[in-house]
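The values are calculated or read from the model by the stated rules, or taken from the named source; none is laboratory data. Model, not experiment: these values are computed from the prediction. Here the Cβ positions follow ideal geometry from the backbone for every residue, glycine too, while neighbour counts run over all protein chains shown.
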Amino acid sequence: MFETAQRISRPALLIGNYTEAAQRDNAISLLEELDELVRTLGVPVSDKLLVFQKELHARYLLGSGKAEEIADRVKAEELGALIFDHDLTPSQQRNWEEISGVPVLDRQKVILDIFGKRARSREARLQIELAQIEYSLPRLTRAWSHLGGQGGGIGGKGEGESQLEQDRRRMWKASDRLKRELEQIKSARATQRKDRQRTPVPNCAIVGYTNVGKSSLLHRLTGADVLVENKLFATLDTTTRKVSLPSKQPLLLTDTVGFVRKLPHRLVEAFKATLEEAAQADFLVHLLDASAPEVMEFYTTTMKVLTELGADKRPMLVVFNKIDKVSDPARLHGLRTHFPDALFISVQSGEGLDALLEKMSELASPGTLTRKLRLPATEAGLIARLHREAQVHETSYDGSDTLLTVTLPVRLTRDCARFMQMDEQPHDAAPARSSNTSRRKAGGRSKK
């Protein structure tokens, strides 16, 4: 019913705007980002136009004189579309299409089309379909305006008005159906999360701006077969893989959808089910592109979305990626000064990844215990398990017993509690089973 960016074959003119001189640099950066978004869809770009006006206008967003000038350019250069960085109201979009004679899209529609093109899982497709319906509903009027005066009878409705009501009812029903299906998926996800929590493996979510290397990091640390591509929104579906940390503590690592400036609010709402992995994670890795000039703005954008999701209170590790692309040492020095606890890595070269894994081990195992254990020869299976799943610091032998100094994940403390030195036994450990001899000393009766 409506034009989508993928159907535009002729070059498009991109238009950005700002109302204060101090906003110019940011407006240029946003227009460049819009260029990347449009090219991600495969739409050719003719030129980018940045317009300054003191105030926004209700009819065209820009002044009527500037609107006529742009419309004349569209016809003279035979352009295929106008794409605005600013969100347009339905009436502004209709006015621009009337004056220019070409499809007119805004940043919100471009992002929706990218999400629609990239979504793979059933959940992501449902979320996109819902967001598309919410975007299209207020724009239905223009789709049937050419039939509005047809039809007969006093008090009767024209064909356009009748068709409009039918379309609205159909879209409302579709919206209700999609919301019900998404609730079912959300319920299933909650059940899966409960199952994971029964086996207490900590979870970490990688969050950050789009195209900072989140999928590349997941692939490098876990070997996961995920799409790694130098495009905005290359990954829309969450991917979770297990990684073994230096402490032998297993960790579930989740790659999430990337954020972008001026992200349509309906997409934040639509993707809450997907992004709730970040809200439920034990801690977050906030990945940033150290080489991006707008890195501080990207940090603020991501934090704003995380706050909306209620995930900003989670323990967070700030990590700057792509340091191999930074040629100015002063830039890295400035970032280190502003983020003294941050880590600096290059997923491409592997620099800093060992330090990242060590820090993730600390965050994943806040309840680990370093203890001395005395294990008899009959516990060979447990000794082997400790070498696999714990961090063994020292090994010695006393007769047939094996003496270990080991850092235990919380899940192993109960199995090892009866082998700990008495002065080392933690308060939360399960009490060691009493032997028959000890019960007799306590005046109890032993059962045969």
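L357 satisfies every condition listed in (1) over 21 Å from K242 (Cα atoms); (2) surrounded by 14 or more Cβ atoms within 10 Å (Cβ to Cβ); (3) at pLDDT 90 or above except (1).
Considering region 321-338 alone, what residues qualify as being surrounded by 10 or more Cβ atoms within 10 Å (Cβ to Cβ) and either at pLDDT below 90 or not hydrophobic (A, V, I, L, M, F, W, C) (or both)? Walk me through how you get there before you give the answer.
Taking region 321-338 and keeping what is surrounded by 10 or more Cβ atoms within 10 Å (Cβ to Cβ), we get 321-326, 331-336, 338.
Selection gives N321, K322, D324, K325, R331, H333, G334, R336, H338.
Scanning region 171-204 for residues that are under 30 Å from S365 (Cβ atoms) and modelled with pLDDT of 75 or more, we see that the one that is surrounded by the fewest Cβ atoms within 10 Å (Cβ to Cβ) is A188. Picking from residues in region 365-404 that are surrounded by fewer than 17 Cβ atoms within 10 Å (Cβ to Cβ) and among the polar types (S, T, N, Q), the one that is nearest to L252 (Cα to Cα) is T370. Here A131 meets the list (1) more than 26 Å from Q23 (Cβ to Cβ); (2) crowded, with 18+ Cβ neighbours inside 10 Å; (3) assigned by TED's automatic domain parsing to the domain that holds G16 almost entirely, failing just condition (3). Checked against the criteria, K75 does not count as surrounded by fewer than 21 Cβ atoms within 10 Å (Cβ to Cβ), of a type in the set (K, R) and touching a Leu at 6+ places or on another chain (Cβ under 8 Å). The strands (runs of 3 or more DSSP E) falling completely within region 27-142 that include 2 or more residues that are within 30 Å of L164 (Cβ to Cβ) and free of Cβ contacts under 8 Å to residues at least 60 places away in the same chain map to 104-106.
Residues in region 158-170: is at least one touching a Lys or Arg at 6+ places or on another chain (Cβ under 8 Å), modelled with pLDDT under 80 and not hydroxyl-bearing (S, T, Y)? Taking every residue of region 158-170 in turn, none turns out to be touching a Lys or Arg at 6+ places or on another chain (Cβ under 8 Å), modelled with pLDDT under 80 and not hydroxyl-bearing (S, T, Y). Just one of (1) assigned to a helix (DSSP H, G or I); (2) among the acidic types (D, E); (3) out of contact with any helix residue (DSSP H, G or I) (no Cβ under 8 Å at 6 or more places or on another chain) fails for E308. It is (3).
Residue-wise test of (1) modelled with pLDDT under 70; (2) outside any helix (DSSP H, G or I); (3) of a type in the set (A, V, I, L, M); (4) under 21 Å from F320 (Cα atoms).
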position	(1), (2), (3), (4)
S215	no, no, no, yes
D237	yes, yes, no, no
K248	no, yes, no, no
K262	no, yes, no, no
R266	yes, no, no, no
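The rows are residues; the columns are (1) modelled with pLDDT under 90; (2) in contact with an Asp or Glu (Cβ under 9 Å, 6 or more places away or on another chain); (3) aliphatic (A, V, I, L, M); (4) on the phi < 0 side of the Ramachandran plot.
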position: T274; (1), (2), (3), (4): yes, yes, no, yes
position: A279; (1), (2), (3), (4): yes, no, yes, yes
position: F283; (1), (2), (3), (4): yes, no, no, yes
position: L287; (1), (2), (3), (4): no, no, yes, yes
position: S291; (1), (2), (3), (4): no, yes, no, yes
position: Y299; (1), (2), (3), (4): no, no, no, yes
position: A311; (1), (2), (3), (4): yes, yes, yes, yes
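I'd like to check something: does region 121-133 contain any residue that is in contact with a strand residue (DSSP E or B) (Cβ under 6 Å, 6 or more places away or on another chain) and not charged (D, E, K, R)? Scanning region 121-133, I find no residue that is in contact with a strand residue (DSSP E or B) (Cβ under 6 Å, 6 or more places away or on another chain) and not charged (D, E, K, R), so the answer is no.
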